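One structure, as structure tokens, below. Some questions next.
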Amino acid sequence: MSVICKLHTQGLDVDALHSLQFSMLSLLDENGIDAATSERPPSPGAKGAEIGDIVLAVFTSGTAVALMHVLRAAFDRQSSLIVTLQDGQRKLQVNAKDVDRDTFDATCERASALFAGIRESREA
């Protein structure tokens, strides 16, 4: 199962967001997560910078935890970043508050539960 990871921010230009995306892809690769970029046109009326999506080829509970660690590093670099994880109709939006020390475990559990449900329904 693949999950789309969309990056958006009010605080960076497109070049800086591309740099952040490249860093995230490198960290995902270092953590054994198969990910690639997928370009998309800008959303009509979008404010702030948008870039192509990161496509996570396989999403498991282990991937969710590793991804949250990568997101934590990304949010350390850019606190205004907003990341949307989506597969079909299910969506989880993550921001810097979701990966701070007090909420990190709960966010990992939410991502794992949300996307594990998709995986289980596809396997049935």
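Could you identify the single residue in ASP87, ASP98 that is touching a residue at least 60 places away in the same chain (Cβ under 8 Å), among the acidic types (Asp, Glu) and surrounded by 13 or more Cβ atoms within 10 Å (Cβ to Cβ)?
Of the residues listed, the single one that is touching a residue at least 60 places away in the same chain (Cβ under 8 Å), among the acidic types (Asp, Glu) and surrounded by 13 or more Cβ atoms within 10 Å (Cβ to Cβ) is ASP87.
Separate question: Where in the stretch 5-121 are the strands (runs of 3 or more DSSP E), entirely inside, with at least 1 residues that are at pLDDT below 80?
35-38
The values are calculated or read from the model by the stated rules, or taken from the named source; none is laboratory data. The structure presented is a predicted model; accordingly, all values stated were derived computationally and were not measured. We place every Cβ from the backbone using ideal geometry, glycine too, and count neighbours over all the protein chains shown.
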